[in-house]
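S.K.: Please see the structure below; I have some questions.
The values are calculated or read from the model by the stated rules, or taken from the named source; none is laboratory data. For clarity, every value in this text was computed on a predicted model and none was experimentally measured. Please note: Cβ atoms are built from the backbone with ideal geometry, for glycine as well, and neighbour counts cover all protein chains shown. The area values use the complete protein model at the heavy-atom level, side chains included, leaving out ligands, DNA and RNA. Shrake-Rupley method; radii C 1.70, N 1.55, O 1.52, S 1.80 Å.
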Amino acid sequence: MFARQFVTWIGEIIEMRLYLNVPYEEKDEAKALGARWNAKVKKWYIDAEREKYVRFSKWILRDTDDAVIATEYIHIIEGRQKCWKCGRSTRVIGLGIGEFVHIYGETEDPQYEIVEDYVNPGEELHLAWVENEEDIPPRLLRYIKENYSVKTGYSKTIGGKCFANHCDYCGALQGNWFLFNEPDSPLSSCVDGDKLAEKMSRVKIKGIPIEDDLQLDWNIGFCSNDYAYLKYGQFEELVLSTDPENEYVTYEELYSRR
Ligand SMILES: [Zn+2]
């Protein structure tokens with residue numbers, strides 16, 4: 001078995017780990033391409049340069065034509081808004097994607113781009129959310145449920161269940177539409193230039209260092225002001241790893257249901 005490689009000098013190959021959804025009947029094909037089996041999480045994974053992820057697009061693009069693979073960090077973005085029901089100022093959160101590998105198109109002709117630190121002077125952060133809590137890695141889901149008033153509730157607006165923020169005080173569902181679409185959303189960076197710095201300075205960002213790259217089926221909002229979160233926001237690191245030697249949380253830890 002090969003050890004994972006990290007950069008120690010310029011020019012060395014940097015291999016990262018990516019877990020794939022490989023159906024049982026396709027395991028030999030994945031294996032032939034270099035995938036290995038992790039018996040603990042019962043998943044196939046690859047250790048590969050990010051440029052080579054696209055070779056595995058058969059599995060990466062199985063359920064989507066537009067895959068986002070988060071690298072380095074995933075985020076929680078926290079703001080406050082006035083509850084529509086009780087009028088108090090309640091916390092609301094979104095998720096956030098920073099650097100990522102973007103793989104898209106048809107599986108016969110997949111395209112990719114590696115999005116990292118390309119905006120000077122700062123890295124961008126993109127607001128994200130899910131309607132279904134199953135799309136959040138279990139360890140992160142547990143953290144946000146323990147620390148915020150988020151849960152799956154019934155939304156009259158959409159006439160069904162959705163994962164959403166609820167008021168810290170009265171429990172009223174806050175809806176998800178505001179996350180991206182309302183001009184006075186406490187989390188969106190899509191505001192006029194003169195208000196941007198002041199608004200973003202009130203946003204708290206928790207950056208979670210991740211060991212393995214993560215394909216995440218999250219709804220992501222892109223805005224030209226997305227550099228402003230990390231430039232003006234209150235950033236802190238949130239360590240979900242339980243390994244005292246490594247603050248970067250692994251896939252195994254994130255997807256452990258214990
Ligand atoms: Zn309330």
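S.K.: Apply the a/c threshold of 1.5 to the C-alpha gyration tensor of segment 150-258 and tell me whether it is rounded, prolate or oblate.
M.R.: It comes out oblate by the Cα gyration axes.
S.K.: Under a cut-off of 22 Å between alpha-carbon atoms, report the lysines in cross-link reach of Lys58, not counting same-chain residues fewer than 8 places apart.
M.R.: Correct list for Lys58: Lys27, Lys31, Lys42, Lys43.
S.K.: Next question, about the same structure. Looking at segment 169-258, which GluC sites (Glu not before Pro) are in a loop (DSSP not H, G, I, E or B) and have at most 13 other Cβ atoms within 10 Å?
M.R.: Sites meeting the loop and neighbour criteria: Glu245.
S.K.: Would you work out which of Asn147, Gln111, Leu240 lies farthest towards the positive end of the dipole of the chain, given +1 charges on the beta-carbon of Lys and Arg and -1 on that of Asp and Glu, about the Cα centre?
M.R.: Toward the positive end, the furthest listed residue is Asn147.
S.K.: Are there trypsin sites (Lys or Arg not before Pro) in segment 196-235 that DSSP puts in a loop and that have at most 16 other Cβ atoms within 10 Å, and which ones?
M.R.: Arg202
S.K.: Something else now. Measuring with a 1.4 Å probe in the full set of protein chains, what accessible area per residue, in whole Å², belongs to segment 64-254?
M.R.: Using a 1.4 Å probe on heavy atoms only, each residue of segment 64-254 averages 49 Å².
S.K.: Looking at the chain, what % of the alpha carbon pairs are farther apart than 36 Å?
M.R.: Result for the distance tail: 16 percent.
S.K.: How much net charge surrounds Val191 when only the other residues with a Cβ under 13 Å from the Cβ of Val191 are counted, with Lys and Arg +1 and Asp and Glu -1?
M.R.: -3
S.K.: Once neighbouring chains are kept in place and the probe is 1.4 Å, which whole percent of the accessible area of the chain is contributed by carbon and sulfur?
M.R.: 48 percent
S.K.: Here's something else I'd like to know. Anyone know which of Cys190, Cys170, Cys223 comes out most mobile in the 10 Å Cα GNM of the chain?
M.R.: Its mean-square fluctuation being the largest, the pick is Cys170.
S.K.: To the nearest 500 deg cm²/dmol, what mean residue ellipticity at 222 nm is calculated for the chain from DSSP H runs of n ≥ 4 alone, each contributing -39,500 (n - 2.57), summed and divided by the residues?
M.R.: -3500 deg cm²/dmol
S.K.: Test of the criteria: in segment 86-187, which chymotrypsin sites (Phe, Trp or Tyr not before Pro) are in a DSSP loop and have at most 16 other Cβ atoms within 10 angstrom of their Cβ?
M.R.: Those satisfying the criteria are Tyr118, Tyr169.
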